[in-house]
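Written out below as structure tokens is the structure these notes cover.
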Amino acid sequence: KQEVTQIPAALSVPEGENLVLNCSFTDSAIYNLQWFRQDPGKGLTSLLLIQSSQREQTSGRLNASLDKSSGRSTLYIAASQPGDSATYLCAVNAGGTSYGKLTFGQGTILTVHP
Amino acid sequence: DAGITQSPRHKVTETGTPVTLRCHQTENHRYMYWYRQDPGHGLRLIHYSYGVKDTDKGEVSDGYSVSRSKTEDFLLTLESATSSQTSVYFCAISESPIRQAISGNTIYFGEGSWLTVV
């Protein structure tokens with residue numbers, strides 16, 4: 001059974017810092033991995049999607065890397081802003097007959113203070 | 001934003017009563033999902049659908065049933081609600097693997113339905 005772990009569970013940083021969120025998964029046979037953002041009381045917004053054949057994806061100040069063989073992904077946020085405060089979730093998609101059955105980590109709660 | 005509407009958004013019901021949550025999409029995506037989100041457990045898949053009338057169980061399907069008679073609608077039914085089913089329920093949609101590999105589109109989530117069983 002796939003298990004996804006996110007470290008740290010919570011992170012508080014001053015504005016402007018660069019930061020790294022970590023995600024690890026136990027079964028390397030994945031189809032893709034996604035990072036999501038969730039604001040309080042809201043649904044999930046996809047930030048980055050990395051296919052299993054890719055090593056990284058970038059969007060603006062966000063960069064996500066994937067090392068499938070070691071079961072790790074990192075989300076790098078550059079020059080953090082108070083508006084980045086949210087819960088960040090990673091999820092893996094096994095693909096094949098399990099396509100779409102995402103397994104989520106429990107998230108990292110990020111607070112960026114001015 | 002993807003066109004996903006969940007209803008009702010908030011509901012309080014009594015133990016033992018049936019409850020149906022509706023997910024409606026306007027994106028014509030083939031795959032639809034129901035997840036629940038609970039403190040300490042994160043998001044867990046309840047049921048999903050890979051086409052009209054084609055559904056399968058997820059990780060936490062006991063006590064839930066689903067139906068999909070049209071591409072755009074996916075219903076989640078709690079036959080006899082229990083307090084353990086108090087949760088936030090999220091619907092999600094995605095394209096098929098082949099179309100997703102071409103489009104690069106991801107999975108899209110609705111805004112959630114808050115259900116309290118008393």
Base-10 log of normalised Debye intensity for chain A (one unit scatterer per alpha-carbon) at q = 0.14, 0.15, 0.21 Å⁻¹: -0.52, -0.59, -1.12
Whole-angstrom gap from the range A:1-54 to the range B:40-118, using each part's C-alpha centre: 21 Å
Vicinal HN-Hα couplings computed from phi for the range B:55-64 (Karplus, 6.51 cos²θ - 1.76 cosθ + 1.60; Hz; Gly/Pro x): 9, 8, 7, x, 5, 10, 8, 4, x, 10
Using alpha carbons only: equivalent-ellipsoid semi-axes of the protein assembly as shown, gyration tensor based, whole Å: 29, 21, 16
Aspartates and glutamates whose Cα lies under 14 Å from that of B:Lys70, excluding same-chain neighbours fewer than 8 positions away: B:Glu27, B:Asp54
Computed magnitude of the charge dipole of chain A (debye, nearest 20; Cβ of K, R +1, Cβ of D, E -1): 280 debye
Rg/Rg_globular for chain B, with Rg_globular taken as 2.2 N^0.38 Å and Rg from C-alpha atoms: 1.03
Selection from A:Ala64, A:Gly96, A:Ser46 lying farthest towards where the dipole of chain A points positive, charges on Cβ: A:Gly96
Relative contact order (%) - chain B, alpha-carbon pairs under 8 angstrom, separation at least six: 34 percent
Unit charges on C-beta of K, R, D, E only; dipole of the protein assembly as shown, Debye: 320 debye
Dipole-positive endmost among B:Gln100, B:His47, B:Tyr89 within chain B (Cβ charges, Cα centre): B:Gln100
Cβ-Cβ FRET estimate between B:Ser7 and B:Ser96, R0 fixed at 41 Å, reported to 0.05: 0.95
Estimated 222 nm signal from helices in chain B, with DSSP H stretches of n ≥ 4 weighted -39500 (n - 2.57), rounded to 500: -1500 deg cm²/dmol
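Throughout, read-outs are computed from the coordinates displayed, never taken from laboratory work. The structure displayed is predicted, hence computed values, not measured ones. Please note: Cβ atoms are built from the backbone with ideal geometry, for glycine as well, and neighbour counts cover all protein chains shown.
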